[in-house]
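Participant: Dropping a structure here in structure tokens format, bear with me for questions.
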Amino acid sequence: MLNSVHVMSSINRVEGSNLRLVGELYNNTTKTVGSVKVTAKLYNASNVLLATRTAYADLTYMVPASRAPFRIVGSLPAGFHHATFSVSSAATTRSIGAPTPTTTTNGPDAGDHWKVAGTVKNRYTTSVTTVWVAVTLYDDRGNVLDAARASVGKTTLGAGQSTTFSATFIPTGLSPNK
């Protein structure tokens, strides 16, 4: 898919009576885009449409050649077999910076949930007014296992300032490769 924002990989996971669709988007355009909307169509084994669900990427804006995770969570339709995705986005002139994250801990917690924590630093000479950190877990082939938007200590960072971030993944037994 040339010159589009598209789904690079995704995973479907049933959690009790909920269906969790997690994936990663790639901006293969020369423009910064946002907001990026993902629509999932849910089908049974006979390709009958059961439901349609929509969500936005965990990062509101995507610069060219960037990635962003998405999550769509809702009730599990009876007979669910597979999902297809479509992505829509519009170019924006908004200025986007990418503070530098540093992971300091990464592994299972006492409840066997995967936890990622660290710091993010504003490497720019101007303030960053909205700080978001999205964390994506991958298997050894680079496929998405799960994704979450991390909580951050501060949402605004002056030049050279840092803040902490933390994300805990609810599914137990995850063993990400990266």
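The values are calculated or read from the model by the stated rules, or taken from the named source; none is laboratory data. Everything numeric here is computed off the predicted structure, so don't read it as measured data. Note: ideal-geometry Cβ built from the backbone for every residue, glycine included; neighbour counts use all protein chains shown. Just the protein is used for accessible areas: all its heavy atoms, side chains included, with ligands, DNA and RNA removed. Shrake-Rupley method; radii C 1.70, N 1.55, O 1.52, S 1.80 Å.
Participant: Rg to Rh ratio, segment 114-178, alpha-carbon atoms and Kirkwood radius?
Facilitator: 1.07
Participant: On to the next question. Of Gly111, His82, Thr93, whose Cα points farthest to the positive end of the dipole of segment 25-178 (charges on the beta-carbon: +1 Lys, Arg; -1 Asp, Glu; origin at the Cα centre)?
Facilitator: Positive-end residue among those listed: Thr93.
Participant: Compute the Cα gyration tensor for the chain, then decide on rounded, prolate or oblate, letting a ≥ b ≥ c be the square roots of its eigenvalues: rounded whenever a/c is under 1.5, prolate when a/b is larger than b/c in the other cases, and oblate in all that remain.
Facilitator: In terms of gyration-tensor shape, oblate.
Participant: Pairs of alpha-carbon atoms within less than 8 angstrom and 6+ residues apart define the contacts here; what relative contact order does the chain have, in percent?
Facilitator: Once divided by the residue count of the chain, the mean separation gives 20 percent.
Participant: Straight-line reach from Lys154: which lysines have a Cα under 27 Å away, not including same-chain ones fewer than 8 places off?
Facilitator: List returned: Lys37, Lys115, Lys121, Lys178.
Participant: Based on the Cβ-Cβ distance of Thr84 and Ala159, what FRET efficiency does E = 1/(1 + (r/R0)^6) give at R0 = 41 Å, to the nearest 0.05?
Facilitator: Numbers: r = 44 Å, r/R0 = 1.08.
Approximately 0.40, to the nearest 0.05.
Participant: For the chain, with all protein chains present and a 1.4 Å probe, just round the carbon and sulfur fraction of the accessible area to a whole percent.
Facilitator: 49
Participant: I need the calculated FRET efficiency for the pair Thr30 and Thr60, taking r as the beta carbon distance and R₀ as 22 Å, to the nearest 0.05.
Facilitator: Efficiency at R0 = 22 Å is approximately 0.70.
Participant: While we're on this one: Starting from the 7 Å offset along Cα-to-Cβ, what nm value, one decimal, do you get for the label separation of Ser4 and Lys41?
Facilitator: Between Ser4 and Lys41, the label points sit 1.3 nm apart.
Participant: Shifting gears a bit: Report the paramagnetic label zone for Thr92: residues of segment 115-152 whose backbone N is under 16 Å from a point 7 Å from Cα along the Cα-to-Cβ axis.
Facilitator: Residues 128-134 fall inside that zone.
Participant: Evaluate the distance, in nm, between pseudo-label points positioned 7 Å from the Cα of Thr52 and of Thr129 along their respective Cα→Cβ axes.
Facilitator: Distance between the two pseudo-spin positions: 3.4 nm.
Participant: Which of the peptides 42-55, 14-27 is most tightly packed, and how do the rest follow, judged by the mean count of other Cβ atoms within 10 Å per residue?
Facilitator: 14-27, 42-55
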